Amino acid sequence: MAIRFYNSLTNQTEDFQPLEAGVVRMYSCGPTVYDFAHIGNFRSFLFADLIRRFLEVMGNDVTHIMNITDVGHMTDDHLADGGGEDKMEAAAKRLKEDKKSGKVPDGAIENPDDPYQVAQFFTDAFLEDSRKLGLKIAFEYPQNIPHATNHIQDMQEMIDELIKSGHAYVGPDGAVYYSVESFPKYGSLSGNTLDQLREGSGGRVQQNDQASKKHPADFLLWKPDQSHIMKWDSPWGMGYPGWHIECSVMARKLLGRDVIDIHTGGEDLIFPHHECEIAQSCGASGEDHFARFWMHARFLMVEGEKMSKSKGNFYTVRDVLGGKVTGREVHPAVLRYELIRSHYGSNMNFTEKGLKDSAAAVRKLNVFNAMLEAKTGGEAAEVDNSHPVLAGFLGALSDNLNISGALGVLFPWMSGPHENPQESLAVLRTINRILDVAPMEHAEELQSESSDTGGFDPAEHCKGIDEARANKDYGRADELRNQLQDAGYEVRNSPEGTIATKPLA
């Protein structure tokens with residue numbers, strides 16, 4: 001079964017073959033740990049997780065690396081010179097305010113003025129959110145999720161390579177810049193030309209920085225700055241690395257290759273971040289490519305509008321799971337499903353209705369799984385990817401991750417006859433290795449870590465209702481039912497007795 005992905009570098013859908021048969025090396029731009037990640041970030045992260053899981057089910061050994069950016073980011077990183085306020089300082093101010101107001105639990109962070117504590121606080125939050133949403137890589141921290149601050153020496157070594165090869169220079173201001181004119185392919189990913197970047201530099205480039213640069217698009221590799229909150233000694237003075245260099249360094253270091261198979265991220269990273277990564281990596285290695293396939297998730301909208309704090313439609317993962325959208329808690333499987341069920345190449349519109357539709361789909365999948373588990377006692381048959389349902393589901397995903405087509409195979413099959421439940425269970429388990437919602441792979445593990453029912457046992461209440469009814473003690477049965485409903489459970493009767501379930505959204 002041929003796999004075809006859309007390659008942002010060539011603007012074409014192409015056959016995907018890893019450089020080494022059966023072995024995929026993949027890098028994803030991860031979070032900047034100065035705040036809680038929002039659902040737009042997680043659309044990109046889950047898109048990468050979907051690629052990884054699909055490729056693994058197709059028989060590949062996938063090594064997936066995602067960075068933690070805990071240094072180098074400035075509030076004006078969208079500008080060529082990355083000016084503005086140090087994002088770590090901005091995060092410290094917010095945390096101090098949140099500690100005073102009680103938004104940050106006691107003991108969660110002792111000293112907000114310590115940038116490493118700030119970074120670890122938000123890293124832990126990111127990992128917690130990621131594990132809840134089933135990102136496989138989140139369970140591989142720290143080996144596959146490196147911190148930029150642990151690779152400063154590696155960054156300095158690559159910067160030195162770029163200077164020696166003529167791709168970088170030390171400006172009159174003492175900062176090290178990458179010379180975009182030294183790399184003829186600069187702009188090939190984003191479609192920019194050097195002339196366009198020169199003409200469009202107004203507003204993007206600070207005039208005092210431009211005087212030190214050969215071209216307006218030359219970008220920062222190292223900036224001497226004694227005032228920066230995080231700084232290191234270097235051959236170019238005490239300072240900090242530019243934003244772009246970390247990914248080039250950590251991809252090469254942890255994946256062990258100058259050329260990798262896949263690089264993912266949100267479309268907002270195409271320029272300047274990914275464009276600069278290509279220039280750095282190819283400049284250092286001498287190779288024609290850094291990543292053979294560049295894959296980007298499109299933007300997430302909320303109710304048809306751009307997500308914005310000022311509009312009140314800005315949601316973190318914990319906002320959604322905590323009920324800010326629906327007015328009640330949302331199961332992580334529902335948010336995961338909602339964020340992966342639309343094609344990555346199209347803008348996604350996140351809505352309350354969509355979230356509830358996803359809850360219904362996840363409920364249906366889990367009920368189906370429970371039925372098969374009950375009929376088989378958990379014993380599944382042996383099937384491979386040639387099974388007609390799997391061939392259809394995986395065939396759709398092989399067509400540039402056509403998730404709608406894949407789900408269009410799954411749900412009609414679920415509604416049909418299942419004369420061989422062991423075979424059906426095996427098929428569903430293979431599909432769920434990719435979807436991870438029925439059930440979530442680590443659900444029990446995470447539940448045991450975080451659950452605190454205060455001694456409330458819904459199963460005991462259900463048993464009590466059935467016993468009270470058998471004894472015609474209907475007052476006691478109603479009392480127990482009311483207690484379940486007050487605790488947020490939906491209560492229904494079944495041939496097997498009373499069943500209490502939490503609404504998924």
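The values are calculated or read from the model by the stated rules, or taken from the named source; none is laboratory data. Bear in mind the structure is a predicted one, so any value in this text is a computation, not a measurement. Cβ: placed from backbone, ideal geometry, glycine included. Neighbour counts: every protein chain shown. SASA here: full protein model, heavy atoms, side chains in, ligands and nucleic acids out. Shrake-Rupley method; radii C 1.70, N 1.55, O 1.52, S 1.80 Å.
Distance between the modelled labels on residue 268 and residue 415, one decimal in nanometres: 3.8 nm (7 Å Cα→Cβ projection).
Peptides 18-27, 41-50, 229-238, ordered by how many other C-beta atoms sit within 10 Å of their residues on average, highest first, read 41-50, 18-27, 229-238.
Computed 3J(HN,Hα) for region 228-241, one whole-Hz value per residue from the Karplus formula 6.51 cos²θ - 1.76 cosθ + 1.60 where θ = phi - 60°, is 5, 5, 10, 8, 9, 6, 7, x, 10, x, 5, x, 8, x, glycine and proline marked x. Residues whose amide H comes within less than 5 Å of that of residue 104, counting only those at least five positions distant or on another chain, are 99 (H built at 1.01 Å from N in the peptide plane).
In straight-distance terms, cross-link reach from residue 185 covers every one of the lysines whose alpha-carbon lies under 20 Å from its own, apart from those fewer than eight places away in the same chain; here that gives 164, 213, 214.
Placing +1 on the Cβ of every Lys and Arg and -1 on the Cβ of every Asp and Glu, with nothing else charged, gives the chain a dipole about its Cα centre of roughly 1120 debye.
Secondary structure note: in the chain, about 55% of the DSSP beta bridges are antiparallel.
A full extension of the chain between residue 124 and residue 479 corresponds to an added length of 123.7 nm, given 0.36 nm per residue minus the alpha carbon distance. Computed on region 21-167, with alpha-carbon pairs under 8 angstrom and 6+ residues apart, the relative contact order is 28 percent. Packing, taken as the mean count of other beta carbons within 10 Å per residue, orders the peptides 5-14, 28-37 from highest to lowest as 28-37, 5-14.
Residues whose amide H lies under 5 Å from that of residue 402, counting only those 5 or more places away or on a different chain, are 397; hydrogens are built 1.01 Å from N in the peptide plane. Probing with 1.4 Å while keeping every protein chain in the model, the per residue accessible area of the chain equals 44 Å².
For the chain, the mean residue ellipticity at 222 nm estimated from helices alone is -13000 deg cm²/dmol, where every DSSP H run of n ≥ 4 contributes -39500 (n - 2.57) and the total is divided by all residues, rounded to the nearest 500. Taken along the Cα-to-beta-carbon direction at a fixed 7 Å, the label points for residue 470 and residue 446 span 3.7 nm.
Among the protein heavy atoms of the chain, carbon and sulfur supply 46% of the accessible surface, probe 1.4 Å, non-protein parts ignored.
Taking each residue as 0.36 nm, the span from residue 10 to residue 195 lengthens on full extension beyond its C-alpha to C-alpha distance by 64.5 nm. When you restrict to C-alpha pairs under 8 Å that are six or more residues apart and normalise by the size of region 138-189, the relative contact order lands at 19 percent.
Phi angles of region 493-505 translate, via the Karplus equation with coefficients 6.51, -1.76, 1.60 and θ = phi - 60°, into HN-Hα couplings of 8, 8, x, 8, x, 6, 10, 10, 10, 6, x, 7, 7 Hz per residue; Gly and Pro are given as x.
Using the Cβ-Cβ distance between residue 106 and residue 487 with R0 set to 35 Å, the FRET efficiency from 1/(1 + (r/R0)^6) comes to roughly 0.85. Placing one identical point scatterer on every Cα of region 288-346 and ignoring solvent, what is log10 I(q)/I(0) from the Debye formula at q = 0.30 Å⁻¹? With no solvent term, the Cα-only Debye profile gives -1.29. The order of the peptides 364-377, 407-420, 323-336 by mean Cβ neighbours within 10 Å, most packed first, is 323-336, 364-377, 407-420. Shape analysis of region 357-472 based on the Cα gyration tensor places the equivalent ellipsoid semi-axes at 33, 18, 14 Å, largest first. In this structure, the amide hydrogen of residue 62, modeled 1.01 Å from its nitrogen in the peptide plane, lies closer than 5 angstrom to those of 24, counting only residues at least 5 positions away or on a different chain.
The relative contact order of the chain, computed from alpha carbon pairs under 8 Å that lie at least 6 residues apart in sequence, is 16 percent. Remark: spin-label model distance residue 93-residue 185 equals 4.1 nm, labels positioned 7 Å along the Cα→Cβ axis.
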